[in-house]
Amino acid sequence: MSQDNATSSRPGAQAPRPSRAEAVAALRPRYQADLAQGTERFFEPRRTDCPWCGSPRLKRRLRTRDRFQNKPGGFRLDTCRDCRLVFQNPRLGADGLEFYYRDFYDGLGEEGMGNVFSGRRKMYLGRAEALKPSADSPAKWLDVGTGHGHFPEAARTVFPHTVFDGLDFTEGVELAEREGRIDHGIRGSFPELAGERLAGRYDVVSMFHYLEHSTDPRAELRAAHRALGPGGHLLIEVPDPECWFARLLGRFWLPWLQPQHLYFLPVAALRKELEALGFTVVLEQHREPSDTVDLLGAVWLGANAVLPPDDAPWLARPTGRARWLLRCAGLLVAIPPLVVATTVDRLLLKPLAGLGKVSNAYRLVARRNG
Ligand SMILES: [Zn+2]
C-alpha cells in the first residue's frame, strides 16, 4: 500500500456519516480486544543480519513509536553498515501491518488523508514529466500502489494517448476505475500478478513511495521486470535515508513514517539491484522529488508527542473534555512554530534541495534491457 493511498470523500448521496465520537466508540471494542494480547505478537523475530545483503554488521538507528496515530507499540530502525539499508527490526508481520494501517488511509483516517493527497497535482505532474525524455508516448502504463488513482489522473494530461492501469491491495482501485482516473483497476499483490497475468504487458511501470511499504522490495522489482516489455521503463520514487534531515531531526523526520515504512534503500543499493536485474538506469533525480516539509513535519510530530492525544479507539477510554481542551490550547501554542517551520522549509530549504544530501526523496528511471 502506498503513502498516496487516499482520496477525498466518496461521491454520491449517502446516509449521514456518524460523528467522530460515535465512530470512535463503535470501533473501540475491536481495538481493545486486539490490544489485550499485547503488541509484541505483531512482530516477526528480530533479524541479526541485513535482509538486503546478508551482512551481520547492523547498528541501531533509532527507536520510536507511532507518532501519527498514537497507536500503542514501539518500533526500531536498524542500519546495515555494509549496504546502508535502513530497516524496521523487528519487522511487523501481516497482523501487525493490518492493525497499524487500519483507519489510517480508510475509515477514521480517510477524510484527513484525502485532504493531504488531493491537493498534490503539481507534484504528480512533475513525476509524469520525469519520464518524458525517455518515453514520449508509451502505450500502456501500470501505476503500482496507485491508491485511489490520483497520480494517473494527473499523468493523463501529460500522456493523453496512454492507457493507465492502477494496481493496489485495496478497494480504492475499483473506485479509481469507476471515477475514470484509471482505465483498469487491478486489485492484489504485484509479485503474484506479474508472474502470468501482467507479464510483458506494459511500456511503463511506476512505483511512487511504494517500495518502502513492501514486505519484499526485491520481489516487487523482479515483478516490474516481468511486467515490462523489452525497452520498457520503470519509474521509482522513495524516501532517501541518506538525507541530512534524517540525521538532524532523528525520530521526528517525517519520512520515517513508522510503523508503515519497512525498508529505506540508499540510491547506490537500488541502482545496483536494478542493474543486476537487467535494467539500465537512465535518470537519477534528487532535487525534483524533494517534498521539502521536513521542518514543518518535525514541529508537528514534536507537538503531537507532548500534547494529549485526540480521542481514538485504540486508547483504553475516551480522553475526556479537560484533555481535549488542553490539546486545543497546545495546538494554538504550536501555530507560531509551525508557521516559522514552514516558512524556513519553503524559503530557505526548498531552493537548496538536491545540493549535497538536502533532499528527502530520490527518483530513478530505469530501462529494461532488450
Ligand atoms: Zn546490508
Q: Just name the residue that is farthest from residue 211 (Cα to Cα) out of those in region 62-87 that are among the charged types (D, E, K, R) and touching a helix residue (DSSP H, G or I) at 6+ places or on another chain (Cβ under 9 Å).
A: 71
Q: Go through (1) within 28 Å of residue 213 (Cα to Cα); (2) at pLDDT below 95 one by one and return the number of the condition residue 321 breaks.
A: (1)
**Q.** Given (1) among the charged types (D, E, K, R); (2) within 28 Å of residue 27 (Cα to Cα); (3) at pLDDT 95 or above, number of the condition residue 102 does not satisfy
**A.** (3)
Q) Within region 170-286, which helices (runs of 4 or more DSSP H) (wholly inside it) include 1 or more residues that are among the acidic types (Asp, Glu) and without any contact (Cβ under 8 Å) to a residue 40 or more places away in the chain? A) 172-178, 190-194, 267-277
**Q.** Test set (1) at pLDDT below 95; (2) hydroxyl-bearing (Ser, Thr, Tyr); (3) within 16 Å of the ligand (Cβ to nearest atom) - residue 2 fails condition number
**A.** (3)
Q) Among all residue pairs at least 6 apart or on different chains, which show Cβ distances below 8 Å where the first residue, located in region 51-80, is without any contact (Cβ under 8 Å) to a residue 60 or more places away in the chain and within 24 Å of residue 32 (Cα to Cα) and the second is within 16 Å of the ligand (Cβ to nearest atom) and not basic (Lys, Arg)? A) 76/88; 76/89
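For every residue, the table says whether it meets (1) surrounded by 16 or more Cβ atoms within 10 Å (Cβ to Cβ); (2) within 22 Å of residue 366 (Cα to Cα); (3) under 20 Å from the mean Cα position of the chain (by Cα).
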| position | (1), (2), (3) |
| --- | --- |
| 193 | yes, yes, no |
| 200 | no, yes, no |
| 210 | yes, yes, yes |
| 224 | yes, yes, yes |
| 241 | yes, yes, yes |
| 250 | no, no, yes |
Q: Go through the residues of region 269-283 one by one and say whether even a single one is in contact with a strand residue (DSSP E or B) (Cβ under 9 Å, 6 or more places away or on another chain) and within 21 Å of residue 65 (Cα to Cα).
A: no
Q. Of all residues in region 186-207, which are closer than 26 Å to residue 110 by Cα and touching a Leu at 6+ places or on another chain (Cβ under 8 Å)?
A. 186, 187, 188, 190, 206, 207
Q.
Which numbered condition in (1) among the polar types (S, T, N, Q); (2) touching a helix residue (DSSP H, G or I) at 6+ places or on another chain (Cβ under 8 Å); (3) under 26 Å from residue 222 (Cβ atoms) is the only one that residue 285 fails?
A. (2)
Q.
Any residue at all in region 320-341 that's within 24 Å of the chain's Cα centre (by Cα) and in contact (Cβ under 8 Å) with a residue 12 or more places away in the chain?
A. yes
Q | Output for region 128-151, where each listed residue is farther than 20 Å from residue 283 by Cβ and not in a loop (DSSP other than H, G, I, E, B) | A | 140, 150
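The values are calculated or read from the model by the stated rules, or taken from the named source; none is laboratory data. These figures come from a predicted structure and were not determined experimentally. Don't worry about glycine lacking a Cβ; one is built from the backbone with ideal geometry, like all the others, and counts go over all protein chains shown.
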